[in-house]
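All remarks here apply to the structure that follows.
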Amino acid sequence: MQYINQSLVSEIRQKFCNVNTCPISGDRIFFENAGGALTLKSALETTTKFASIPDNQGRDNAASKALNDVIKNAKSDLSALFNTQSGEFFMGESGTELLFRLIRNAVLASPSGGSIVGTSLEHPASRSAAKKWSDEMEYTYLSVPHCVKTGTVDPKNYASKISDTTRVVTIVHASPVTGMGTKIKEISKIVRQKAPSAFIVVDGIQHAAHGGIDIKSYDIDGYVISPYKMFSRHGFGIAWVSDRLRNAPHEKLDGGPSDNWELGTRDTGAYATMSDVKEYMCWLGKEFTENNDSREQIKAAGAAIQDYERKMTDALLHGLDNLKGLADFEDVQIIGGLSNSSREGLVSFRIKDYPSEKIVRYLNHQGIRTHTRKCDHYSENILTPLGWDDCVRVSICHYNTLSEIKKFLSCMAAFRDK
Ligand SMILES: Cc1ncc(COP(=O)(O)O)c(C=O)c1O
């Protein structure tokens with residue numbers, strides 16, 4: 001098979017919980033994947049199984065040893081999922097908490113004086129951490145402006161902000177407001193030319209569900225995801241740190257292993273769900289490659305997801321069958337424009353001079369879940385430069401269908417005709 005077709009989508013949907021129906025509000029189409037992706041049924045089963053086991057890790061009994069093995073196995077699966085050959089994965093409270101922790105420890109491990117460089121495209125999680133710790137350390141905080149027209153950041157724009165006293169650089173892998181991805185490899189190459197020993201920390205939270213994470217090729221020091229946005233569940237975050245950052249001075253228990261970043265007992269079941277995510281990606285990848293290597297299968301799944309999601313967002317923008325696309329409606333404006341190769345499964349739009357929350361409410365009544373992004377501390381970095389007060393965010397994933405897109409477009413057509 002060359003691409004995800006609607007018959008494979010049906011099989012894919014069988015693997016997830018609450019695909020058509022919300023357990024609270026009833027039937028709905030889920031276009032709120034940037035708020036939290038659907039959970040794999042296998043991750044739910046795994047969670048239930050491990051939640052009932054009272055044993056702790058690191059004891060001399062069979063149950064405890066089995067838990068240790070599950071975590072070891074999950075770390076090896078994470079390594080295949082994200083393509084790492086060094087460094088370490090560990091778990092924290094959330095993606096936000098881990099971004100704070102990585103940035104804080106990277107700053108505290110750096111020489112005094114210098115700067116932290118981030119971009120205006122970032123979510124406040126990494127930007128707030130970088131600004132706070134640049135204040136604490138009396139560093140200068142420098143922001144690389146994103147391009148308002150394309151909704152992403154041009155790697156070249158990092159160059160003028162980087163110097164030999166740049167200590168930490170933060171990058172977002174995809175924006176949850178514009179939906180556009182960034183070129184991590186190109187940015188880190190530019191950073192390394194002038195600041196080879198800066199710590200580079202990447203927020204991969206929005207990108208993770210959209211396929212194609214390849215940490216080995218990025219030359220970075222930290223990568224963070226929120227597993228509930230990658231087919232697992234709420235309650236924890238996962239970070240990867242390079243050997244250099246792992247071995248740098250960091251918060252840890254006195255007398256404990258010097259390379260351990262985990263603070264307190266971990267939820268074995270949470271780790272185990274990441275093995276379910278890896279198994280799922282391999283299962284999907286086998287539809288597209290005959291290679292038995294799991295990394296090759298994960299890569300093939302990622303490429304198929306990207307291809308499928310592009311077709312879906314193109315349909316949203318340009319229409320399908322005889323249905324108009326968003327771009328065809330009068331007064332509809334779309335963040336990042338109509339043919340943007342950086343788009344990752346997300347379209348944010350507004351109807352000029354019309355409150356977006358009314359559109360989101362209308363769609364909700366039609367059984368379609370989307371989300372309003374307002375000019376608050378989460379989205380003002382994107383909306384203020386556009387001169388917008390708000391937008392409607394439609395965020396899809398590879399388990400959504402073309403018939404769901406059609407329902408959305410026909411509801412929008414009915415809305416415009418009102
Ligand atoms: C790019 C990005 N960074 C950080 C976050 C914060 O993630 P969490 O709330 O899971 O900590 C989000 C959540 O939407 C996000 O999209």
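Of the listed requirements (1) under 19 Å from ARG246 (Cα atoms); (2) surrounded by fewer than 20 Cβ atoms within 10 Å (Cβ to Cβ), SER110 misses just one: (2). When region 84-100 is filtered for residues that are of a type in the set (Phe, Trp, Tyr), assigned to a helix (DSSP H, G or I) and closer than 22 Å to SER217 by Cβ, nothing remains. From the list ILE187, ILE171, ILE116, the one residue that fits, being of a type in the set (A, V, I, L, M, F, W, C), more than 19 Å from the chain's Cα centre (by Cα) and buried (at least 22 other Cβ atoms within 10 Å of the Cβ), is ILE116. Taking the condition surrounded by 13 or more Cβ atoms within 10 Å (Cβ to Cβ), over 25 Å from the mean Cα position of the chain (by Cα), within 29 Å of GLU122 (Cα to Cα) and not charged (D, E, K, R), does SER94 pass? When the stated conditions are applied, SER94 does not pass them. State which residue pairs qualify: first residue assigned by TED's automatic domain parsing to the domain that holds ILE220 and inside region 93-119, second residue basic (Lys, Arg) and assigned to a loop (DSSP other than H, G, I, E, B) in any location, beta carbons under 6 Å apart, and separation of 6 or more residues or different chains. From region 93-119, the pairs are VAL117/LYS161.
For the criterion of being charged (D, E, K, R), touching a residue at least 40 places away in the same chain (Cβ under 8 Å) and surrounded by fewer than 18 Cβ atoms within 10 Å (Cβ to Cβ), LYS49 passes.
Within region 142-163, the set of residues being farther than 21 Å from GLN333 by Cβ, without any contact (Cβ under 8 Å) to a residue 12 or more places away in the chain and within 21 Å of the chain's Cα centre (by Cα) comprises ASP154 only. Inside region 1-13, residues that are out of contact with any His (no Cβ under 8 Å at 6 or more places or on another chain) and either free of Cβ contacts under 8 Å to residues at least 12 places away in the same chain or crowded, with 20+ Cβ neighbours inside 10 Å (or both) make up a count of 4. The set of residues from region 130-141 being free of Cβ contacts under 8 Å to residues at least 40 places away in the same chain and either within 19 Å of the chain's Cα centre (by Cα) or within 22 Å of LYS183 (Cα to Cα) (or both) comprises just one member, TYR141. Hey, any hits in region 34-48 for a residue that's more than 21 Å from ASP267 (Cβ to Cβ), out of contact with any helix residue (DSSP H, G or I) (no Cβ under 9 Å at 6 or more places or on another chain) and within 16 Å of the ligand (Cβ to nearest atom)? No, because not a single residue in region 34-48 is more than 21 Å from ASP267 (Cβ to Cβ), out of contact with any helix residue (DSSP H, G or I) (no Cβ under 9 Å at 6 or more places or on another chain) and within 16 Å of the ligand (Cβ to nearest atom).
The values are calculated or read from the model by the stated rules, or taken from the named source; none is laboratory data. Model, not experiment: these values are computed from the prediction. All Cβ positions, even for glycine, are placed from backbone atoms using ideal geometry, and neighbour counts span all protein chains on display.
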